[in-house]
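Right, one structure below, let's go through it.
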Amino acid sequence: MKKKVRLYSTPICTYCVILKKYLDGKNIEYEEVDITEDEEAKKRMIEKTEQMGVPVLEIDEEKFITGFDKNEINEALGI
């Protein structure tokens, strides 16, 4: 079953760019959300993670991964 992946990011986040390249390289489809332009998404991200840092991956609206933890990402996405 295909997982729904959302990436919370900002335009100036270096790790966000690295994570996007990683996901693209693994052919993982994701929705990118720029939290500098979407206040509701920013509030959701902070509420769910209790952190303000990006990148944050949301998987199937239930799992949140903060930062670029390749092992955790691979396990959560089954890659």
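Would you mind stating whether Glu58 is surrounded by fewer than 18 Cβ atoms within 10 Å (Cβ to Cβ), in a strand (DSSP E or B), under 12 Å from the mean Cα position of the chain (by Cα) and at pLDDT 95 or above?
no
So if I check each of Arg6, Arg44, which one is part of a strand (DSSP E or B) and basic (Lys, Arg)?
Among Arg6, Arg44, only Arg6 is part of a strand (DSSP E or B) and basic (Lys, Arg).
Can we say Glu39 is more than 12 Å from the chain's Cα centre (by Cα), at pLDDT 95 or above and either of a type in the set (Lys, Arg) or open to solvent by 70 Å² or more (accessible area, probe 1.4 Å) (or both)?
Criteria met by Glu39.
Between residues in segment 67-79 that are over 14 Å from Thr49 (Cβ atoms) and loosely packed, with under 13 Cβ neighbours inside 10 Å and residues that are at pLDDT 95 or above and aromatic (Phe, Trp, Tyr), which pairs lie under 9 Å by C-beta distance while being six or more apart or on different chains?
These pairs meet every condition: Lys70/Tyr22.
The values are calculated or read from the model by the stated rules, or taken from the named source; none is laboratory data. Small disclaimer: the values here were computed from a predicted structure and weren't measured. Neighbour counts run over all protein chains shown; Cβ positions are idealised from the backbone, glycine included. These area figures cover heavy atoms from the full protein model, side chains too; ligands, DNA and RNA do not enter into them. Shrake-Rupley method; radii C 1.70, N 1.55, O 1.52, S 1.80 Å.
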